[in-house]
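Written below as structure tokens is the structure these notes are about.
No lab work stands behind these numbers, since they all come straight from the coordinates. Note that the coordinates shown come from a computational prediction; the quantities given were computed from them, not determined experimentally. Neighbour counts are summed over all protein chains in view; Cβ atoms, including those assigned to glycine, are modelled from backbone coordinates with ideal geometry.
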Amino acid sequence: MPRAVRFERYGGPEVLKVVDVPRPATPSDRVLVEVVTAAMNPGEIGIREGAFASMWPAAFPEGQGNDYSGVVAEVGHDVVGFQVGQPVLGFAPRAAQADFVVADPAALAAKPAGLGWDEAATIAGVGATAWAGIEAVAPREGETVVVSAAAGGVGIITAQLAVLRGARVIGTAGERNFDYLASLGVTPVRYGPGLLERLQEAAPGGVDAYLDTFGAGNVDVAIALGVHPYRINTIADGNGIRRYGVHSAAQEQADTPEVWQELARLVAAGRIVIPIARAYPLDQVEDAYRDLATRHVRGKRVLHVMPPERRAALPAT
Ligand SMILES: NC(=O)c1ccc[n+]([C@@H]2O[C@H](COP(=O)([O-])OP(=O)(O)OC[C@H]3O[C@@H](n4cnc5c(N)ncnc54)[C@H](OP(=O)(O)O)[C@@H]3O)[C@@H](O)[C@H]2O)c1
């Protein structure tokens, strides 16, 4: 039987179960995808705990996971542009952590050769989110840009996109990630108390743009540095958005297969690196979300949905 992650009530990671489900039928306007890797994102923790229940209630038994990579298993009669066996990546709200996804072809893109299955699974989530922030503040050649939580899922792509635009990038991180960020051309600065002073020291000529991917007062710091609200983006600070009118561009603003393909091309070409901190088999989903909740990582944690023996038969990328 195909498997899927489900939870029947709001709660901690212990409510997550891997259950058997029927193999889905493929409607004529949909594509059935066999999932290889599914990404995990902190927002899913809030959904599972019921923190967003008034806005986005769960329909129990609820599924989990959005962004994923996989192989086309069936193509609906009315769908053009996809073939059985084709490697793809996509976005399937609350459904991606399952052996099969019934995909809307408008939320699916071809996975280029050279792009790993794990990295591909993160493109439509953190990749698109990073892309939206960069578009919003538009870093330019020679500018100084700060990225908060620069070793995190969104931050590590945001920082590299800013480097590609020719900016000098300062990334906040824990010391464990300093050398790695430096290897990507990012100047690391420790987050936490005293951040404003450390950033002033690291950027004596001032900061032109600030991309906040963590919240926790980063927008206040950006304003105190003298960054214009129009050059600040946050994906994690509702108060900062209301108080200062800064940008709040996020995944929804860059949620197109065209953007995914551009990002996929950059990663496949080695111009952006998405480090995979750890991959968990699907049946370890509970432990995986416990680790995700620590909020300390380098890049992404992902779920290997496809069993290893089937995965071994696929091309490596
Ligand atoms: N609206 C959207 O479309 C959207 C999409 C994706 C994400 N988001 C949101 O964006 C945020 C980031 O997501 P993510 O996937 O990038 O998270 P993540 O990967 O879990 O971020 C982890 C990073 O945060 C850093 N960090 C931990 N404590 C910190 C602190 N006090 N100050 C600054 N950085 C700290 C860690 O640095 P060290 O490991 O170096 O200690 C780690 O690298 C989340 O709030 C998420 O819900 C929104």
Mean-square fluctuation maximum in Gaussian network of the chain, Cα pairs under 10 Å, restricted to Ala203, Ala58, Ala25, hits Ala25
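How big is the shadow of the Cα convex hull of region 177-303, averaged over all directions, in nm²? Numbers along the way, then the final one.
On the way: hull surface 38.9 nm².
Averaged projected area of region 177-303's Cα convex hull equals 9.7 nm².
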Taking N as the residue count of region 130-252, its alpha carbon Rg divided by 2.2 N^0.38 Å gives 0.91
The residues Lys17, Lys300, sorted from fewest to most surrounding Cβ atoms within 10 Å, come out as Lys17, Lys300
At R0 = 51 Å the Cβ-Cβ FRET efficiency linking His77 and Glu201, nearest 0.05, sits at 0.20
Mean Cβ-within-10 Å packing, highest first, puts peptides 220-233, 179-192 in the order 220-233, 179-192
Cα extents of the chain along the principal axes, largest first, in whole Å, come to 59, 40, 33
In nanometres, the difference between 0.36 nm per residue of separation and the alpha-carbon distance of Phe60 and Val15 is 15.0 nm
With a Förster distance of 22 angstrom and the Cβ-Cβ distance between Ala224 and Arg165, calculated FRET efficiency to the nearest 0.05 equals 0.35
If the label point sits 7 Å along Cα→Cβ of His296, residues of region 174-209 with amide N under 16 Å come out as 174-180, 190-193
Expressed to one decimal in nm², the mean projection of the alpha carbon convex hull of region 1-75 is 5.7 nm²
Log entry: pair-distance distribution for region 239-317, C-alpha pairs binned every 5 Å from zero, whole % per bin is 3, 11, 12, 15, 19, 21, 11, 4, 2, 2, 0
Shape descriptor, region 5-146: equivalent ellipsoid semi-axes (Cα gyration tensor, sqrt 5λ, whole Å, largest first) stand at 26, 24, 13
With the 8 Å Cα cutoff and a minimum separation of six or more residues, region 130-252 has a relative contact order in percent of 27 percent
Under 17 Å by backbone N from the virtual spin label 7 Å along Cα-to-Cβ at Ala313, the residues of region 8-37 are 33-37
Contour minus Cα-Cα span, Ala269 to Ala106, at 0.36 nm per residue, comes to 56.2 nm
